[in-house]
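S.K.: Structure incoming, see below.
The values are calculated or read from the model by the stated rules, or taken from the named source; none is laboratory data. Note that the structure is predicted; figures quoted are calculated from it, not measured. Note that each Cβ is placed from the backbone with ideal geometry, even for glycine, and that neighbours are counted across all protein chains shown. These accessible areas exclude ligands, DNA and RNA; they are computed on the full protein's heavy atoms, side chains included. Shrake-Rupley method; radii C 1.70, N 1.55, O 1.52, S 1.80 Å.
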Amino acid sequence: MCALHGTGEAGGDPSYDAVILAGGRAERLGGADKPGALVGGVPLVERVAAAVRAARAVIVVGPPRDLPGVVFTREDPPGGGPVPALRAGLAEVTSPSVVLLAADLPFLRAAHVAALLAALREGGTAGGTAGAVLVDDTGREQWLAGVWRTAALRAALGAYEGRSLRGLLGPLAPVPVRLAAGATPPWFDCDSIEDLHAARARAGERRERA
């Protein structure tokens, strides 16, 4: 673990923690610091962390940053991919549910996270579902925009030797959560410089910074 900045905001929901994966190599951005890229004048990772402010603990897997109240840890080796990053983040989780997010979702909001948590609760009542994930307007699962039962996720990781998040999470058959996209879909991510420019335009910025 690289650094410990404390726990989540006082009064947060003790039923879930949040893990944000922020340690990728950002090859399509030329190796730039993608989580630190600004959208609306705020770093991407900070925008995502704001969406889970109610969590008992917010855990960022990636280099330490000036984000008070956030736990920072690193995968081994750094840049080893989303599955090792998830293992590292999950090691810090103590709540029964965990919200799993990418660090490059500029339009994710607390209301979207609440919808995922509600779907998990309702699915548990109906049949003990392991998780819930956002699906985009084409019906594609967004594996880094979901919520999971911690025990189910740990069990799946313990038996998994692959490197694909889809391969890990897909067999858990999460509840699909479809939300009205509006002008700023919560699943929009910033994989490329074009995506980053588009996010800045949607956020109403007059100038785009690379």
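S.K.: Mind checking whether some residue in the range 62-76 is of a type in the set (A, V, I, L, M), touching a helix residue (DSSP H, G or I) at 6+ places or on another chain (Cβ under 8 Å), touching a residue at least 12 places away in the same chain (Cβ under 8 Å) and under 23 Å from Leu165 (Cα atoms)?
M.R.: The answer is no; no qualifying residue exists.
S.K.: Got at least one residue in the range 64-72 being open to solvent by 50 Å² or more (accessible area, probe 1.4 Å) and either under 23 Å from Thr150 (Cβ atoms) or modelled with pLDDT of 95 or more (or both)?
M.R.: no
S.K.: Looking at (1) more than 14 Å from the chain's Cα centre (by Cα); (2) within 15 Å of Val19 (Cβ to Cβ), which is the one condition that is false for Pro78?
M.R.: For Pro78, the exception is condition (2).
S.K.: Name the single residue, out of those in the range 138-151 being in contact with a strand residue (DSSP E or B) (Cβ under 7 Å, 6 or more places away or on another chain) and among the aliphatic types (A, V, I, L, M), that is nearest to Trp187 (Cα to Cα).
M.R.: Step by step, filter the range 138-151, then rank; the result is Ala145.
S.K.: Enumerate the pairs (first residue in the range 78-93 and under 14 Å from Leu153 (Cβ atoms); second residue anywhere and in a helix (DSSP H, G or I) and basic (Lys, Arg)) with beta-carbon separation below 8 Å, excluding pairs fewer than 6 apart on the same chain, so at least 6 apart or on different chains.
M.R.: From the range 78-93, the pairs are Leu90/Arg154.
S.K.: Here is a further query. Could you tell me whether the range 176-195 includes any residue that is surrounded by 12 or more Cβ atoms within 10 Å (Cβ to Cβ), polar (S, T, N, Q) and at pLDDT below 85?
M.R.: Yes, the range 176-195 contains at least one residue that is surrounded by 12 or more Cβ atoms within 10 Å (Cβ to Cβ), polar (S, T, N, Q) and at pLDDT below 85.
S.K.: Can I ask one more? Filter the range 112-160 down to residues that are within 16 Å of the chain's Cα centre (by Cα) and open to solvent by 60 Å² or more (accessible area, probe 1.4 Å), then give me how many there are.
M.R.: Residues flagged as within 16 Å of the chain's Cα centre (by Cα) and open to solvent by 60 Å² or more (accessible area, probe 1.4 Å) within the range 112-160 amount to 2.
S.K.: Within the range 28-44, take every residue that is in a loop (DSSP other than H, G, I, E, B) and at pLDDT 90 or above and give me the one that is most open to solvent (accessible area, probe 1.4 Å).
M.R.: Just the residues of the range 28-44 that are in a loop (DSSP other than H, G, I, E, B), to begin with: 30-33, 37, 40-41.
Next, from what is left, pick out any that are at pLDDT 90 or above: 37, 40-41.
Working: Ala37: 16, Gly40: 41, Gly41: 56 Å².
Only one residue tops the list, namely Gly41.
S.K.: Taking Arg109, is it open to solvent by 30 Å² or more (accessible area, probe 1.4 Å), over 14 Å from the mean Cα position of the chain (by Cα) and charged (D, E, K, R)?
M.R.: Considered against the rule, which asks whether it is open to solvent by 30 Å² or more (accessible area, probe 1.4 Å), over 14 Å from the mean Cα position of the chain (by Cα) and charged (D, E, K, R), Arg109 comes out as no.
S.K.: Kindly evaluate Leu168 against the criterion of being at pLDDT 95 or above, touching a Phe, Trp or Tyr at 6+ places or on another chain (Cβ under 9 Å) and of a type outside the set (Val, Ile, Thr).
M.R.: For Leu168, the condition - at pLDDT 95 or above, touching a Phe, Trp or Tyr at 6+ places or on another chain (Cβ under 9 Å) and of a type outside the set (Val, Ile, Thr) - is met.
S.K.: Name every residue in the range 94-105 that is more than 11 Å from the chain's Cα centre (by Cα) and buried (at least 22 other Cβ atoms within 10 Å of the Cβ), in order of residue number.
M.R.: Ser97
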